[in-house]
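Note sheet for the following structure.
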Amino acid sequence: PKNLKNKEIKILNNLGSLICETGRYEESEKILEEALNKSKGYYGEKHVETAQTYDNYGNLLFQKGKLDQAKLNFVKAFEIRKEILDEYHLKIVESHCNIGKALQADLKIEEAKSQFEAALKIFENFKDQSLEKAQICNLLGTIYIQQKDFEKTQKYLNEALAIKLKKLSCKNHY
């Protein structure tokens with residue numbers, strides 16, 4: 001039963017997130033609220049699954065245009081993750097990006113830029129240039145477009161492109 005409860009929470013969380021992607025926000029909200037209540041009840045407030053549920057709930061609110069509420073959920077997920085995960089964990093990067101996207105959509109450009117820069121800084125500790133880093137470079141590029149700093153826009157978008165080309169290049173061996 002312990003493992004069953006764990007699976008139930010993960011399934012609710014994933015299902016709510018998937019339904020959100022289809023645009024059925026009210027249905028998604030009910031499922032994610034249930035997932036969040038069960039996660040907090042079963043794992044407690046400071047658990048990776050609870051943080052992920054806050055994150056998914058934040059994504060739902062972001063899709064509904066409720067930016068302040070979305071940001072609160074993203075920040076909650078970040079605070080939990082920061083407390084229980086390694087500072088270089090990719091979920092920390094995800095939290096910085098989600099907070100940044102909510103701030104950018106709310107036209108809080110400098111605050112958004114700080115979040116994206118914090119996410120990018122984490123990648124300085126990795127040798128491998130990942131697609132996640134390319135995504136962050138793209139996000140920073142969009143920030144600099146909004147600030148009309150086209151030199152930095154070009155720098156970050158070129159870096160994103162270089163990473164994507166390197167990672168996605170296919171070598172056919174026949």
Between 0 and 90°, nearest 10: helix 109-122 axis offset from the chain longest Cα axis: 90
Point-to-point label distance, residue 48-residue 90, nm (Cα→Cβ direction, 7 Å offset): 1.2
Kirkwood Rh in Å, taken over the range 118-174 so that all alpha-carbon pairs contribute: 12.0
Between 0 and 90°, nearest 10: helix 150-168 axis offset from the chain longest Cα axis: 70
Net charge of Cβ neighbours under 13 Å - reference residue 81; Lys, Arg +1; Asp, Glu -1: -4
Alpha-carbon Debye profile of the range 48-90, log10 I(q)/I(0) at 0.18 Å⁻¹: -0.46
Debye log10 I(q)/I(0) for the range 1-97, one point scatterer per Cα, at q = 0.15, 0.16 Å⁻¹: -0.54, -0.61
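For an R0 of 41 angstrom, estimate the FRET efficiency from the Cβ-Cβ distance between residue 129 and residue 25 and round to the nearest 0.05.
0.70
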Angle between the chain longest axis and helix 131-146 axis [Cα atoms, degrees, rounded to 10]: 70
Rough spin-label spacing in nm, given labels placed 7 Å along Cα→Cβ, for residue 149 and residue 75: 2.4
Bins of 10 Å, starting at 0 and running to the largest distance - Cα pair percent for the chain: 10, 32, 33, 19, 6, 0
Formal net charge of residues neighbouring residue 36 (Cβ-Cβ distance under 12 Å; K, R +1; D, E -1): -2
Too-long pairs where the Cα-Cα distance tops 23 Å, listed order kept, from 121/164; 30/113; 71/108; 71/152: 30/113; 71/152
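Throughout, read-outs are computed from the coordinates displayed, never taken from laboratory work. Since the structure is predicted, the reported quantities are computational estimates derived from the model, not experimental observations. Ideal geometry is used to build each Cβ from the backbone, glycine not excepted, and the neighbour counts take in all protein chains shown.
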